[in-house]
1. Can you pull the one-decimal nm distance between simple spin-label points at T118 and L47, each 7 Å off the Cα toward Cβ?
2. At a threshold of 8 angstrom on Cα-Cα distance, excluding pairs fewer than six apart, so keeping six or more, what relative contact order does the chain reach in percent?
3. Which value in Å is the Kirkwood Rh of the stretch 127-220 over different Cα pairs?
4. Say R0 is 35 Å: what FRET efficiency, to the nearest 0.05, do R153 and I234 get from their beta-carbon distance?
5. Plugging the Kirkwood radius over Cα pairs into Stokes-Einstein for the stretch 289-383, at a temperature of 37 °C and a viscosity of 0.692 mPa s, what D comes out in µm²/s?
6. Between N22 and S262, take the C-beta separation as r, use R0 = 25 Å, and let me know the FRET efficiency to the nearest 0.05.
7. What does the helix-only formula give at 222 nm for the chain: each DSSP H stretch with n ≥ 4 adding -39500 (n - 2.57), the total divided by the residues, and the result rounded to the nearest 500 deg cm²/dmol?
8. Out of G321, G178, G167, whose Cα points farthest toward the positive end of the dipole of the chain (charges: +1 Lys, Arg; -1 Asp, Glu; placed on Cβ)?
Amino acid sequence: MMQAIGTRTVPFNKPSLVGRENEYLAETLAAGHYSGDGPFTRQCHRLLEEELGVGRALLTTSCTHALEMAALLLQIQPGDEVIFPSFTFVSTVNAFVLRGARPVFVDVRADTLNLDETLIEARITDRTRAIVPVHYAGVGCEMDAIMALARARGIAVVEDNAHGLYGRYRGQWLGTFGALATLSFHETKNFSCGEGGALLINDPDHVPRAEVIREKGTNRSRFFRGEVDKYSWIDVGSSYLPSELLAAVLYGQLEARTVVQSNRQRLWETYQRALAPWAERVGARLPVVPEHCEQAYHMFYVLMPSLEGRQALIGHLKARGILSVFHYLPLHLSDMGRRMGGRPGDCPRTEDASDRLLRLPFYTLMNPEDQNFVIESMLEFPA
């Protein structure tokens, strides 16, 4: 029987403890080493490097900071152009704009809502320095086409893989295609320490300078390895090291990655199976995952037929204590984006999807009762 309105609340997201996080946090507190690059940071680095096969992984305080490091490593200068999807979080673009770059916004594909690889070449100029694909919802962009174009034109690729840890494109891990890639460990992500991120370095030429930038522009990392007898300021940089307390929590999460991903897969597939007939009935669309992509099970969303329908569904669910949320607003239509030349109609699929997309509650330890309540409430719409 359907729950009476107001008797249950279902949050959009809820941080989940899935392994030995508390044990590792207590161990770190007892050891007395709270600052960055302690034993748990090194274990996180080693796990990511070995699992993904990347040359170097460096934890950062956020995915935003990992992106800022990427812009510094590519030596982005005022007047350089960088290509982005308009449908992404502002941090993706801000990291490069901070270095003086001009963002060039490209529309997304209608199916995956990822950067449309067929539109990139027309936006490349002699000032284009980088392409930043965003693996939306943990489903891979068309990396074969993007990498081929980037190689042919001598342009760097930086993957914003905030959503996609443990997703694959044609059998290869997301985050291992571009010269650089970034991860997020924010509390809304599959693996979380509250706030955190990582820079993945696939081009070994970037490793020495990345260590310097991350250590405030000093060669402190080399000093601790015994490679120099003292460290000093040798380049630009900032304080990008997360606390060892955060690394301890994160390692507990990453260590339980099989449990995390299997739980999220079950939740995602339950939504997909239960809502498919409803979506056909109301004219909505569920997520599309191409056969050659193995998604990361980061989120579950529906594309409603209209903005009005999306807003009505938000209200319908809210009345039952269920929090559902829309996602990105088109960056080219933001105040900042308009100042940089963005105009209505520049990215029509982005503008359309932004109006119609609704994300459902989805988190690792979501219990079946709450998910069933969400599904039952969805099936009642429209009443």
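Just so it is clear, none of the values below were taken in a lab; they were calculated from the coordinates. Owing to the predicted nature of the structure, the values given are computational and were not obtained by experimental measurement. Glycine gets a Cβ as well: all are built from the backbone with ideal geometry, and neighbour counts include every protein chain shown.
1. For the pair T118/L47, the computed spacing is 4.1 nm.
2. 23
3. After inverting the mean inverse Cα-Cα distance, the result is 14.1 Å.
4. For R153 and I234, the calculated efficiency is 0.65.
5. 216
6. 0.70
7. Rounded to the nearest 500, it is -11500 deg cm²/dmol.
8. Farthest towards the positive pole: G321.
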